[in-house]
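A short worksheet on the structure shown next.
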Amino acid sequence: MTLKVYTSLLLLFLVNSVWTRTVRQVYDELDPEHWSHYTSECPQECFCPPSFPNALYCDNKGLKEIPAIPARIWYLYLQNNLIETISEKPFVNATHLRWINLNKNKITNSGIENGVLSKLKRLLFLFLEDNELEEVPAPLPVSLEQLRLARNKISRIPEGVFSNLENLTMLDLHQNSLLDSALQSDTFQGLNNLMQLNIAKNSLKKMPLSIPSNTLQLFLDNNSIEVIPENYFSAIPKVTFLRLNYNKLSDDGIPPNGFNVSSILDLQLSHNQLTKIPPINAHLEHLHLDHNRIKSVNGTQICPVSIDVAEDYGLYGNTPRLRYLRLDGNEIQPPIPLDIMICFRLLQAVVI
């Protein structure tokens, strides 16, 4: 199970590098004597490197609109400009686009021509971070694998906007203006292959509803969440990395065994209001509890198995797997209790 999870995560973390191999293959097939042709059709405002013939670099040019995109382009870099609109005209010939970076522009929802994005049938990566969007743009191309909308002004997610995005593996909505009311029970419907969901730095007071069941990484840092509903994680049985740093969680807001979930390997609860360590699962490997209100640590109480059993386990037995424990910023005084070391034989670092 752990091997399968790490394999999936490795695919997610390395997905941004896959395109470089594809580009290399395309480049190897090109005849060098055709480079002059590629350069001649390059928009005057942009740069078309001969060594990267399927890429168009128009970043940091002070552009106010998107230039005409040549048909050969797969990778389009338009970040750090003054672009306000996305219209259909520049993309008439750009039927092979895989990657568009429009980060750090001035794009609004009203500036996106209706249907222009959904017509990009091969688009895999769409970056619209640091713009002026007030809602998730729609409709979107069904081919998308990554959608990054961080640091906008998004407060609304249109109904059904994700319903056909079965290929999407990453959705980044962090640092927007989302309230609980924006996340309905069917908001994420259709995201059957989503692996990472980032809703950190919004204005949520509750855990979001109906997270896609295949989600591996759930980031909810810097919200105002106070309560974890009973059996919340049974609906997302594959969740492996869970971040709830900088929220308002207290002991009363966590149900018994709320985080005793076998799939969770990395649990981050820093900067909350906890006074004790919540029950954890023996599979947990990293636990962040710094800057809470914890006064003491009792290894006998927090050990996922009985101390007697833990003491009998060999190095390669079924001992609890915790390797990293962070407790600094609490009211705990060293030394570390001996029963902590007896229980968690694989501990490599304890910050206190």
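What are the pairs, 6+ residues apart or on separate chains, where a residue within the stretch 200-214 that is under 21 Å from L168 (Cβ atoms) has its Cβ under 9 Å from a residue that is open to solvent by 60 Å² or more (accessible area, probe 1.4 Å) and among the hydroxyl-bearing types (S, T, Y)?
Cβ pairs passing all conditions: A200/Y246; K201/Y246; L209/S185; S210/S185.
Could you please let me know if L267 is under 25 Å from the mean Cα position of the chain (by Cα), part of a loop (DSSP other than H, G, I, E, B) and under 18 Å from V351 (Cβ atoms)? Outline the logic, then answer.
Numbers: under 25 Å from the mean Cα position of the chain (by Cα): yes; part of a loop (DSSP other than H, G, I, E, B): no; under 18 Å from V351 (Cβ atoms): yes.
No, not satisfied.
Name the single residue that is most open to solvent (accessible area, probe 1.4 Å) among those in the stretch 179-233 being closer than 21 Å to Q268 by Cβ and among the β-branched types (V, I, T).
V227
What about N257, is it farther than 21 Å from N164 by Cα, open to solvent by 50 Å² or more (accessible area, probe 1.4 Å) and either among the hydrophobic types (A, V, I, L, M, F, W, C) or part of a loop (DSSP other than H, G, I, E, B) (or both)? Write out each step before concluding.
Details: farther than 21 Å from N164 by Cα: yes; open to solvent by 50 Å² or more (accessible area, probe 1.4 Å): yes; either among the hydrophobic types (A, V, I, L, M, F, W, C) or part of a loop (DSSP other than H, G, I, E, B) (or both): yes.
Judged against the criteria, N257 is a match.
Checking the condition farther than 24 Å from Y75 by Cα and touching a Lys or Arg at 6+ places or on another chain (Cβ under 7 Å), which residue from E135, E129 passes? Even if it seems obvious, please write down each step before you answer.
Values: E129 fails: farther than 24 Å from Y75 by Cα.
The unique qualifying residue is E135.
The values are calculated or read from the model by the stated rules, or taken from the named source; none is laboratory data. Predicted model only: the values in this text are computed from it and were never measured. Virtual Cβ from ideal backbone geometry, glycine too; neighbours counted across all protein chains shown. The protein model used for the area step is the full one, side chains on, heavy atoms only, and it has no ligands, DNA or RNA in it. Shrake-Rupley method; radii C 1.70, N 1.55, O 1.52, S 1.80 Å.
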